[in-house]
Amino acid sequence: MDGDCIFCRIVKGESPAKFVYKDEDFVAFYDIRPSAPVHVLLVPAEHIESINSVEERHGRVISKMVLKAKVIARQLGIADSGYKLVINVGRGAGQIVFHLHIHLIGGWSKEKDEN
Ligand code: AMP
Ligand code: ZN
């Protein structure tokens, strides 16, 4: 845990977020500064700095987050129109929050799914 980490605070309920999903392993919430019509972040409960710090034991939560991203994309109506799952690794790649997260972004075409 990192006492100064905004995503740790959100996971612990100490900072507000608009949650899409929450369980004991990870949470998903809307990005505060969306870079697309749909922009959700999937964030493990454990403070992992980045993919560079990922260990074998994190495989389960990462795979759970990817599988849930698929479900959330469907729920938010962008599964068929298309979306990106993005992980920025390090400052040079644009990572500004050093608590691992997957960006789920899409909805550009507004040709959202029928249901
Ligand atoms: P990255 O550049 O990959 O580190 O992405 C960090 C993302 O976190 C950015 O898209 C920010 O807009 C987003 N962000 C930062 N603080 C918050 C917050 N309090 N609630 C929701 N999203 C946030
Ligand atoms: Zn953290």
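The values are calculated or read from the model by the stated rules, or taken from the named source; none is laboratory data. All values derive from a computational prediction rather than experimental measurement. Cβ sites come from the backbone with ideal geometry, for glycine too, and all protein chains shown count toward neighbours. Just the protein is used for accessible areas: all its heavy atoms, side chains included, with ligands, DNA and RNA removed. Shrake-Rupley method; radii C 1.70, N 1.55, O 1.52, S 1.80 Å.
Annotations for the structure displayed:
- Residue that is farthest from ligand 2 (Cβ to nearest atom), among those in the stretch 1-17 that are at pLDDT below 95 and touching a helix residue (DSSP H, G or I) at 6+ places or on another chain (Cβ under 8 Å): 1
- For the stretch 51-72, a tally of residues being within 13 Å of residue 26 (Cβ to Cβ) and surrounded by 12 or more Cβ atoms within 10 Å (Cβ to Cβ) returns 10.
- The set of residues from the stretch 51-61 being among the β-branched types (Val, Ile, Thr), part of a helix (DSSP H, G or I) and touching a residue at least 40 places away in the same chain (Cβ under 8 Å) comprises just one member, 51.
- Residue selected from the stretch 32-50 under the condition open to solvent by less than 60 Å² (accessible area, probe 1.4 Å) and outside any strand (DSSP E or B), by the criterion farthest from ligand 1 (Cβ to nearest atom): 45
- Residue that is nearest to ligand 1 (Cβ to nearest atom), among those in the stretch 1-31 that are under 23 Å from residue 81 (Cα atoms) and surrounded by fewer than 17 Cβ atoms within 10 Å (Cβ to Cβ): 30
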